[in-house]
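Participant: One structure, as structure tokens, below. Some questions next.
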Amino acid sequence: MLVAASSPLTKIIPGLMIWTIIFFVIVVFVLRRYAFGPIQNLIDERQQQIRRSIEEADKARDEARNLLEEHRQLIGQARSQAEEILGEARKTRESMEQRMREETEAERQRRLDETRREIESAVQRGLEEIRNEVADLTLEAVSRVVGRTLDADSDRALISEAVDSLDFSRLEESA
């Protein structure tokens, strides 16, 4: 300890101590007046800016959550609308298929009826031709048997009556 007491740095000099305290008080006053106030203001401003940023971030997060929820709802609505559209498309397809089947069946039935009418008409024409042929052959056979030419109009009427009385139903059944 003797070394510390003999050192000029550790000696207590009252005048130096007083001036040191006075300068310390002046420095503290100047710093407080001109440095600590603006520094504290800057710190307070920065603190308020950080607080505002946090609040804005909270608002942005809440808004993002709301937007996400709206987005999910819109997606749900879009899915339900897509399902409705698909359901309507299926119904439309089924009704169109049914209508096509009905139209095809109606067209098939119409063609079948038309074909039947044509067949009946052809059968009637064929029977009429057979009747005429039978009448002509009968006239010719009678004229050869009798040996004279018969009056075509009166004989033809007589033969037509005879042919009409004949039963051609066997021919119709075989056709």
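Participant: Just the number, please: Stokes-Einstein D of region 1-139 in µm²/s, Kirkwood Rh from C-alpha pairs, 4 °C, 1.567 mPa s.
Facilitator: For the chosen part, D equals 46 µm²/s.
Participant: Each residue of region 92-100 in order: what ³J(HN,Hα) in whole Hz does its phi give by Karplus 6.51 cos²θ - 1.76 cosθ + 1.60, θ = phi - 60°, with x for Gly and Pro?
Facilitator: The phi angles translate into 4, 4, 5, 5, 5, 4, 5, 5, 5 Hz.
Participant: Let me ask something additional. Apply the Karplus parameterisation 6.51 cos²θ - 1.76 cosθ + 1.60, with θ equal to phi minus 60°, to every residue of region 64-81 and state each ³J(HN,Hα) to the nearest whole Hz, in sequence, with x for glycine and proline.
Facilitator: Whole-Hz 3J(HN,Hα) from phi for region 64-81: 5, 4, 4, 5, 5, 5, 4, 4, 4, 5, 5, 5, x, 5, 4, 5, 5, 5.
Participant: Report D for region 53-112 in µm² per second (integer): Stokes-Einstein, Kirkwood Rh on Cα pairs, 20 °C, 1.002 mPa s.
Facilitator: Here the translational diffusion coefficient equals 137 µm²/s.
Participant: Please list, in order along region 124-134, the HN-Hα scalar couplings obtained from phi with the Karplus expression 6.51 cos²θ - 1.76 cosθ + 1.60 (θ = phi - 60°), rounded to whole Hz, x for Gly and Pro.
Facilitator: 5, 5, x, 5, 5, 5, 5, 4, 5, 5, 4
Only the coordinates and a few stated rules stand behind these numbers; no lab work does. None of these values were measured; they are calculated from a predicted model.
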